[in-house]
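The values are calculated or read from the model by the stated rules, or taken from the named source; none is laboratory data. Small disclaimer: the values here were computed from a predicted structure and weren't measured. Here the Cβ is made from the backbone with ideal geometry for all residues, glycine too, and neighbour counts use every protein chain on show. Surface accessibility is based on the protein's heavy atoms, side chains included, excluding ligands, DNA and RNA. Shrake-Rupley method; radii C 1.70, N 1.55, O 1.52, S 1.80 Å.
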Amino acid sequence: MATLLEQLREFTIVVADTGDIQAIETFTPRDATTNPSLITAAAQMPQYQSIVDDTLKTARAELGKDASASDVVTLAFDRLAVSFGLKILKIIPGRVSTEVDARLSYDMEGTLEKAHYLISEYEKAGVSRDRILIKIASTWEGIKAAEILEKEGIHCNLTLLFGMHQAIACAEAKVTLISPFVGRILDWYKKETGKDYAPDEDPGVVSVTSIYNYYKKFGYKTEVMGASFRNIGEICELAGCDLLTISPKLLEQLQSTEEALPRKLDPKKAATMDLEKISLDKATFDEMHKTDRMAYDKLDEGISGFSKALESLEEMLKERLASLEGDLTVNNAAADIFRVYDLDGDGFITREEWAGTDLVFDAIDINHDGKITPEEMAAGLGAAIGLTEG
């Protein structure tokens, strides 16, 4: 019998949710998507230190020796995201998603400026904009920015999407693709209700299924890409979705499991459903968002988490730059990063406070007790910086 992964690929495009180039080579997805947490994880791997170092050195040379470390790192961050994107595009046949700074999520003009810069960097490297998706948070401002970008031929992936109102606004803006977050929706409901959910009752699965059916019923061209999975049961329940972006760990489970996988989502079935079309303007969007507590909470939390991941990556890059320039202060940087994530000031960073990718958390949580101590943070950062030291 064929594996679950082989069967899934018969009716769904599989996307790798990782910045790890070796994992992408292993699972050969059509597309790939990254975010600051994933780039942070990849940047700490020995095999990618040359990318990090070369990017920092180029940024320093371009800005000059008198430029501040913060300015060098700001330039290097966007270049690093593009550098990983370029490496990934050499492996995959399709598209790579590159994320706009989450701190610009409510800034339409700032989002447009950053998107234009990222596209220009790819085009300088000879990559067509057809192979790039600019990843933007699904705020009203982000969606409006994406609408403008799409008219310019710059394709967008709207992320941190949790509610139908966000999905409808994206479809009406004619964005290329949306990434509804299955696992994060499940997390919210489990915390709220204390219940466990079977895959077919999983609130994240139910949400993405509803969005998919709405899109297909009313003929929207925007693609639906389920994201942020907690288990392969969620993935199997969404078999037939346009795309699914899956972590290497879950891709491995799908590849090693042999059992029948029926198609669950089908545009022909969706076309026959009795659904009501919703008219949406900003006032309606705001009202729907305010009354959808889960979407409201998770969007806010997601933007905060991605922003913290950016700050963590920036601190790591500052330390790597200091190391390259002979001024290493690992413990100071570790302390700065720790303060960013230790929200309640209790001296530990829990998985909930981290709000970034599990991959990075697990790498730093040395004793696997679900908490990161200042010592573990310093050790993790020190290991990342010292990977090419001797």
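Go over the candidates A102, A32 one by one and state the one that is modelled with pLDDT of 90 or more, within 24 Å of I134 (Cβ to Cβ) and of a type in the set (G, A, S). Going through A102, A32 in turn, the sole match is A102.
Could you list, in sequence order, all residues of region 278-296 that are touching a residue at least 12 places away in the same chain (Cβ under 8 Å) and assigned to a loop (DSSP other than H, G, I, E, B)? Once the filter is applied, which keeps residues that are touching a residue at least 12 places away in the same chain (Cβ under 8 Å) and assigned to a loop (DSSP other than H, G, I, E, B), region 278-296 yields I278, L280, D292.
Quick one: in region 121-133, which of the residues that are in a helix (DSSP H, G or I) and open to solvent by 40 Å² or more (accessible area, probe 1.4 Å) is nearest to I91 (Cα to Cα)? Here the answer is R131.
Consider region 217-247 and keep the residues that are without any contact (Cβ under 8 Å) to a residue 60 or more places away in the chain and assigned to a strand (DSSP E or B). The one that is farthest from K277 (Cα to Cα) is G226.
Could you grab me the full set of residues in region 276-299 that are of a type outside the set (V, I, T) and surrounded by fewer than 13 Cβ atoms within 10 Å (Cβ to Cβ)? Scanning region 276-299 gives E276, K277, S279, D281, K282, A283, D286, E287, K290, R293.
Scanning region 308-330 turns up no residue that is small (G, A, S) and at pLDDT 95 or above.
Any residue at all in region 141-151 that's modelled with pLDDT of 95 or more and part of a loop (DSSP other than H, G, I, E, B)? The answer is no, given that none of the residues of region 141-151 is modelled with pLDDT of 95 or more and part of a loop (DSSP other than H, G, I, E, B). For region 254-277, the condition holds for no residue, the condition being that it is without any contact (Cβ under 8 Å) to a residue 60 or more places away in the chain, closer than 24 Å to T34 by Cβ and of a type in the set (S, T, N, Q). Looking only at residues in region 339-358 that are in a helix (DSSP H, G or I) and surrounded by 20 or more Cβ atoms within 10 Å (Cβ to Cβ), the one that is modelled with the lowest pLDDT is Y341. Could you check, for region 82-92, whether at least one of its residues is open to solvent by less than 10 Å² (accessible area, probe 1.4 Å), without any contact (Cβ under 8 Å) to a residue 60 or more places away in the chain and not hydrophobic (A, V, I, L, M, F, W, C)? For region 82-92, residues open to solvent by less than 10 Å² (accessible area, probe 1.4 Å), without any contact (Cβ under 8 Å) to a residue 60 or more places away in the chain and not hydrophobic (A, V, I, L, M, F, W, C): present. Within region 174-192, is even one residue part of a loop (DSSP other than H, G, I, E, B), out of contact with any Cys (no Cβ under 7 Å at 6 or more places or on another chain) and open to solvent by less than 10 Å² (accessible area, probe 1.4 Å)? No, every residue in region 174-192 fails to be part of a loop (DSSP other than H, G, I, E, B), out of contact with any Cys (no Cβ under 7 Å at 6 or more places or on another chain) and open to solvent by less than 10 Å² (accessible area, probe 1.4 Å). Selection within region 215-228: residues that are closer than 22 Å to K298 by Cα and open to solvent by 10 Å² or more (accessible area, probe 1.4 Å). The member of this set that is modelled with the highest pLDDT is E223. The residues of region 43-68 that are surrounded by fewer than 18 Cβ atoms within 10 Å (Cβ to Cβ), over 23 Å from S120 (Cβ atoms) and of a type outside the set (S, T, N, Q), listed by number, are M45, P46, D53, K65, D66. Would you call V73 at pLDDT 90 or above, assigned to a helix (DSSP H, G or I) and buried (at least 20 other Cβ atoms within 10 Å of the Cβ)? Yes, satisfied. Tell me which residues, restricted to region 111-120, are open to solvent by 10 Å² or more (accessible area, probe 1.4 Å) and either of a type outside the set (D, E, K, R) or farther than 26 Å from K282 by Cβ (or both). Answer for region 111-120, where residues must be open to solvent by 10 Å² or more (accessible area, probe 1.4 Å) and either of a type outside the set (D, E, K, R) or farther than 26 Å from K282 by Cβ (or both): L112, H116, Y117, S120. Restricting attention to region 1-42, the residues being open to solvent by less than 10 Å² (accessible area, probe 1.4 Å), part of a helix (DSSP H, G or I) and over 24 Å from L313 (Cα atoms) number 3.
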